[in-house]
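The values are calculated or read from the model by the stated rules, or taken from the named source; none is laboratory data. What you see is a predicted model; the values in this text were computed from it and never measured. As a convention, Cβ positions derive from the backbone with ideal geometry for all residues, glycine included, and neighbour counts pool all protein chains shown. SASA here: full protein model, heavy atoms, side chains in, ligands and nucleic acids out. Shrake-Rupley method; radii C 1.70, N 1.55, O 1.52, S 1.80 Å.
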Amino acid sequence: MDANDLRLKGRSFLTLHDYTPAEIGGLLDLAADLKARQRAGKAHALLPGRVLAMIFEKSSTRTRVSFEVGMFQLGGHAMFLSSSDIQLKLGETIKDTANVLSRYASAIMIRTFAQQDVADLAAYGQVPVINGLTDDFHPCQIMADMLTIREHFGGLQERRLVYVGDGNNVAHSLMLGGAKMGMHVTICTPGGYEPKEWVVKWAQEDARQTGATIALARDPHVAARGADVLYTDTWASMGQEAEHARRVKDLAGYQIDETLLSEASPQARVMHCLPAHWGEEISESVVYSPQSIVFDQAENRLHAQKAIMAALIP
Ligand code: CP
Ligand code: NVA
């Protein structure tokens, strides 16, 4: 399959709301194709000589390594720019940073706090910008997740995904991705930890076009019934470290453990974007149970992001 056929060259990847179901499906097909090519040892240097600038204002294991390895496998180069080293930290504006990096790099990946900073980088820069996680969204993660669900269930349409825990950036992107791809997504949180209303609205708008459903729930034991996928993420995201103790108290009971897993569909799979915190949002035994596909998800970051880069970077 030819990355050019997707007609996405030059686009940025800021949220899944910006992409059509056909575009997301095309990227997932390309990801599967690149994964097969890599497994077969077939060359796929689709981006020779291209450079990805990666700005990190938060920590990362998977995102940093998978983008860097992915760019290398595509024949290009990725450059790690920690926010503590670049002038952004000392007050250089996003606008100037966007203009300068666009003169050197073929694309920019950024992990930061405010979604608006990512949007500004894309607005002011002249190269594609890829969202590597903000306080609001984590679209690359969900591309990898949807690739993983497709592999295990043969498709996305009509699959029932139940997310249990904090209604955070990952929950937001799961709603948007699920809505685009015709899934049934339930976000189960305690009061005060629901996903943001405007994101629920976006997802519900998208769901109307595809037959997807987006629901909010309170009781994990009710929500888990019939789930194909049980998904969770940390109770305290990066930037919320000071709230950790309060969150552990408030979110107790929203853990994926063996009891909750036994209440889902017998063929249910467990997903977690990682890093996991055993004894909080998930138990160690569930992470390592035969029903867990968390490490397939982690691997698929590589393949999904290679597809995004190959399709978007001119
Ligand atoms: N899932 C994820 O984005 O992991 P990192 O924070 O390690 O990049
Ligand atoms: N919700 C988590 C995801 C980490 C990959 C965070 O933002 O820290």
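A few remarks follow.
- Sequentially through the stretch 72-87, phi angles give Karplus couplings (6.51, -1.76, 1.60; θ = phi - 60°) of 4, 5, 8, x, x, 9, 10, 10, 8, 10, 6, 5, 6, 9, 9, 6 Hz, Gly and Pro residues having no value and appearing as x.
- Over the chain, DSSP H runs of length four or greater, each weighted -39,500 (n - 2.57), average out per residue to a 222 nm ellipticity of -13000 deg cm²/dmol.
- Efficiency of FRET from Cβ geometry, Y288 and S59, R₀ 41 Å, rounded to 0.05: 0.95
- Remark on the chain: Rg and Dmax equal 18.7, 54 Å (Cα only).
- Heavy-atom accessible area per residue - the stretch 78-124, 1.4 Å, Å²: 52 Å²
- Full-stretch length increase - R39, V248 - with 0.36 nm per residue and alpha-carbon distance subtracted: 71.2 nm
- Highest GNM mean-square fluctuation among A224, A123, A242, for the chain modelled with Cα contacts below 10 Å: A242.
- Dipole magnitude for the stretch 158-314: about 460 debye, using +1 per Lys or Arg Cβ and -1 per Asp or Glu Cβ, origin at the Cα centre.
- Remark on H277: its backbone amide H falls under 5 Å from those of I282, a criterion applied only to residues 5 or more positions apart or on other chains, H modelled at 1.01 Å from N.
- Residue ranking by accessible heavy-atom surface, 1.4 Å probe, largest first, among L161, L14 comes out as L14, L161.
- Normalising the average separation of contacting C-alpha pairs (under 8 angstrom, six or more residues apart) by the number of residues puts the relative contact order of the stretch 78-171 at 22 percent.
- Over the stretch 198-240, accessible surface divided per residue gives 46 Å², non-protein components excluded, 1.4 Å probe.
- Other-chain or far-sequence residues with amide H under 5 Å of A215's (modelled H): V185, T186, I187
- Cross-link reach list, lysines versus K9, counting only Cα pairs under 16 Å and skipping chain neighbours closer than eight places: K306
- Using θ = phi - 60° and Karplus 6.51 cos²θ - 1.76 cosθ + 1.60, couplings along the stretch 39-52 (whole Hz; Gly, Pro as x): 4, 7, x, 8, 4, 8, 7, 7, 10, x, x, 7, 10, 9
- Rounded to the nearest 10 degrees, the angle from helix 139-153 to the longest Cα principal axis of the chain is 60 degrees.
- Apolar share of the accessible surface for the chain: 51 percent from carbon plus sulfur atoms, 1.4 Å probe.
- GluC sites (Glu not before Pro) restricted to DSSP loop in the stretch 141-249 with at most 15 other C-beta within 10 Å: E158
- Ignoring aspartates and glutamates fewer than eight residues from K201 along the same chain, none have Cα atoms less than 13 angstrom from its Cα.
- Positive-end residue, the chain charge dipole about Cα centroid, Cβ charges, pick of S237, L90, A45: A45
- Charge dipole (the stretch 102-208, unit charges on Cβ, about Cα centre) - positive-most of Q115, L147, C188: L147
- Relative packing of 132-139, 245-252, 67-74, which averages over residues the other C-beta atoms within 10 Å, highest first: 132-139, 67-74, 245-252
- The 1.4 Å probe gives accessible areas that order E263, E280, largest first, as E263, E280.
- Positive-end residue, the chain charge dipole about Cα centroid, Cβ charges, pick of H138, S285, T213: H138
- The stretch 144-268 has equivalent-ellipsoid semi-axes of 23, 18, 12 Å, by the square roots of 5 times the alpha carbon gyration tensor eigenvalues, sorted largest first.
- Around V185: net Lys/Arg minus Asp/Glu count, Cβ-Cβ under 13 Å: -1
- Gap separating the Cα centres of the stretch 283-304 and the stretch 162-241, nearest whole Å: 19 Å
- Degrees between helix 169-180 axis and first principal axis of the chain (Cα, 0 to 90, nearest 10): 90 degrees
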